[in-house]
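Trainee: Sharing a structure, written as structure tokens. Questions coming.
The values are calculated or read from the model by the stated rules, or taken from the named source; none is laboratory data. The model shown is predicted, which means the values in this text are computed figures rather than measured ones. Glycine gets a Cβ as well: all are built from the backbone with ideal geometry, and neighbour counts include every protein chain shown.
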Amino acid sequence: NAGVTQTPKFQVLKTGQSMTLQCAQDMNHEYMSWYRQDPGMGLRLIHYSVGAGITDQGEVPNGYNVSRSTTEDFPLRLLSAAPSQTSVYFCASRPGRRRNTEAFFGQGTRLTVV
Amino acid sequence: DAKTTQPNSMESNEEEPVHLPCNHSTISGTDYIHWYRQLPSQGPEYVIHGLTSNVNNRMASLAIAEDRKSSTLILHRATLRDAAVYYCILPNTGNQFYFGTGTSLTVIP
């Protein structure tokens, strides 16, 4: 049981490049989310999904795109990378709609935009 | 949506109990109180959650005030491995987790 798997672990991009951060979970969880964490800060919610085909925006969605074609995968796309998107990105999943469910986090992707 | 307030940092001596407070004065009757921690260079991990009654698990205890406007995460014997940032979270009406800056716990050997 791998849990939540994020790839890659590290990435360096040039300004203006696009890329996709991958997130996969093998727990059949309905809820999946993407967060970013800047140095010395807490996690901020970028986008989330409550099931396949359903996505919504969080606190800081600008510059990012998501889709959820399967229960297992929730990729995060950077459309045109900017230095302000340099951050550590975490993906999370939860079993479902009840508020008493535990969230599982990936180990993060450290992204640097130069 | 209810907000939480935590101290920025706390210190504890190794092998002593630690009480990490969280204020959530605008909590509603259906809000669960969740605690997560983030070890250095890792993703957050679940610690404990509760609704009204005090809760215990292998990692910690959660003490919830009778009026539910505050709670305390209790680590019974702090170890060096407990040094982390601890987040108190109330899922919002959309059942999403919004993180604050948490409490950075330093454990002194």
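Trainee: Counting only residues that are of a type outside the set (Phe, Trp, Tyr) and buried (at least 18 other Cβ atoms within 10 Å of the Cβ), which one in the stretch B:84-93 is nearest to the chain's Cα centre (by Cα)?
Mentor: In the first step, residues of the stretch B:84-93 are kept if they are of a type outside the set (Phe, Trp, Tyr); the result is B:84-85, B:88-93.
Restricting the remaining residues to those that are buried (at least 18 other Cβ atoms within 10 Å of the Cβ) gives B:84-85, B:88-91.
On the way: B:ALA84: 11, B:VAL85: 9, B:CYS88: 4, B:ILE89: 8, B:LEU90: 10, B:PRO91: 13 Å.
Among those residues, the one meeting the criterion is B:CYS88.
Trainee: Considering each residue of the stretch B:75-109, count those that are at the interface with chain A (Cβ under 10 Å from one of its Cβ atoms) and among the small types (Gly, Ala, Ser), and give that number. Give the steps one after another, and end with the answer.
Mentor: Taking the stretch B:75-109 and keeping what is at the interface with chain A (Cβ under 10 Å from one of its Cβ atoms), we get B:85, B:87, B:89-102, B:104.
From what is left, the residues that are among the small types (Gly, Ala, Ser) are B:94, B:100, B:102, B:104.
Of the residues in the stretch B:75-109, 4 are at the interface with chain A (Cβ under 10 Å from one of its Cβ atoms) and among the small types (Gly, Ala, Ser).
Trainee: Here is a check on your reading of the model: is B:GLU16 more than 14 Å from chain A (Cβ to nearest Cβ) and either outside any strand (DSSP E or B) or on the phi > 0 side of the Ramachandran plot (or both)? Full working, then the answer.
Mentor: Numbers: more than 14 Å from chain A (Cβ to nearest Cβ): yes; either outside any strand (DSSP E or B) or on the phi > 0 side of the Ramachandran plot (or both): yes.
It is true that B:GLU16 is more than 14 Å from chain A (Cβ to nearest Cβ) and either outside any strand (DSSP E or B) or on the phi > 0 side of the Ramachandran plot (or both).
Trainee: Does A:THR109 fit the bill of being within 12 Å of the chain's Cα centre (by Cα), more than 9 Å from chain B (Cβ to nearest Cβ) and farther than 28 Å from B:TYR32 by Cβ?
Mentor: On the way: within 12 Å of the chain's Cα centre (by Cα): yes; more than 9 Å from chain B (Cβ to nearest Cβ): yes; farther than 28 Å from B:TYR32 by Cβ: yes.
The answer is yes for A:THR109.
Trainee: Also, I was wondering about something else. Where in the stretch A:31-75 are there strands (runs of 3 or more DSSP E), lying wholly inside it, with at least 1 residues that are within 12 Å of chain B (Cβ to nearest Cβ) and hydroxyl-bearing (Ser, Thr, Tyr)? Working first, answer last.
Mentor: Details: elements: A:31-37, A:43-51, A:54-57, A:64-66.
Correct list: A:31-37, A:43-51.
Trainee: From the set of residues in the stretch A:97-106 that are surrounded by 16 or more Cβ atoms within 10 Å (Cβ to Cβ) and assigned to a loop (DSSP other than H, G, I, E, B), which is farthest from the other protein chains (Cβ to nearest Cβ)? Outline the logic, then answer.
Mentor: At the first step, the residues of the stretch A:97-106 found to be surrounded by 16 or more Cβ atoms within 10 Å (Cβ to Cβ) are A:99, A:101, A:103-106.
Imposing the further condition that a residue be assigned to a loop (DSSP other than H, G, I, E, B) reduces the set to A:99, A:101, A:103, A:106.
Details: A:ARG99: 5, A:THR101: 9, A:ALA103: 6, A:GLY106: 6 Å.
Checked the stretch A:97-106; the qualifying residue farthest from the other protein chains (Cβ to nearest Cβ) is A:THR101.
Trainee: Looking at (1) under 21 Å from A:ARG99 (Cα atoms); (2) under 14 Å from the mean Cα position of the chain (by Cα); (3) buried (at least 17 other Cβ atoms within 10 Å of the Cβ), which is the only condition B:GLN96 fails?
Mentor: Evaluating B:GLN96 over (1) under 21 Å from A:ARG99 (Cα atoms); (2) under 14 Å from the mean Cα position of the chain (by Cα); (3) buried (at least 17 other Cβ atoms within 10 Å of the Cβ) leaves (2) as the failure.
Trainee: Looking at A:THR15, is it touching a helix residue (DSSP H, G or I) at 6+ places or on another chain (Cβ under 9 Å), more than 14 Å from every other protein chain (Cβ to nearest Cβ) and not in a strand (DSSP E or B)?
Mentor: Details: touching a helix residue (DSSP H, G or I) at 6+ places or on another chain (Cβ under 9 Å): yes; more than 14 Å from every other protein chain (Cβ to nearest Cβ): yes; not in a strand (DSSP E or B): yes.
Yes, satisfied.
Trainee: Can you tell me which residue in the stretch B:46-61 is nearest to the other protein chains (Cβ to nearest Cβ), limited to those that are crowded, with 19+ Cβ neighbours inside 10 Å and closer than 29 Å to A:PRO39 by Cβ? Lay out the reasoning, then the answer.
Mentor: Step one: filter the stretch B:46-61 for residues crowded, with 19+ Cβ neighbours inside 10 Å, giving B:47-50, B:60.
Checking the rest, the ones that are also closer than 29 Å to A:PRO39 by Cβ come to B:47-49, B:60.
Values: B:VAL47: 10, B:ILE48: 10, B:HIS49: 6, B:ALA60: 14 Å.
Looking at the filtered set, the residue picked out is B:HIS49.
Trainee: Test B:GLU66 against the criterion of being touching a residue at least 24 places away in the same chain (Cβ under 8 Å), away from every other protein chain (no Cβ under 14 Å) and not hydrophobic (A, V, I, L, M, F, W, C), and give yes or no.
Mentor: On the way: touching a residue at least 24 places away in the same chain (Cβ under 8 Å): no; away from every other protein chain (no Cβ under 14 Å): yes; not hydrophobic (A, V, I, L, M, F, W, C): yes.
When the stated conditions are applied, B:GLU66 does not pass them.
Trainee: Something else: Between residues in the stretch B:78-103 that are closer than 15 Å to A:ILE46 by Cα and residues that are buried (at least 19 other Cβ atoms within 10 Å of the Cβ) and among the polar types (S, T, N, Q), which pairs lie under 7 Å by C-beta distance while being six or more apart or on different chains?
Mentor: Cβ pairs passing all conditions: B:GLN96/A:SER33; B:GLY100/B:THR4; B:GLY100/B:GLN6.
Trainee: Out of everything in the stretch B:1-45 that is hydroxyl-bearing (Ser, Thr, Tyr) and at pLDDT 95 or above, what residue ends up being surrounded by the most Cβ atoms within 10 Å (Cβ to Cβ)? Please lay out each step first, then the result.
Mentor: Step one: filter the stretch B:1-45 for residues hydroxyl-bearing (Ser, Thr, Tyr), giving B:4-5, B:9, B:12, B:25-26, B:28, B:30, B:32, B:36, B:41.
With the extra rule that they be at pLDDT 95 or above, the set shrinks to B:9, B:12, B:36.
Values: B:SER9: 11, B:SER12: 20, B:TYR36: 25.
Per the stated criteria, the residue is B:TYR36.
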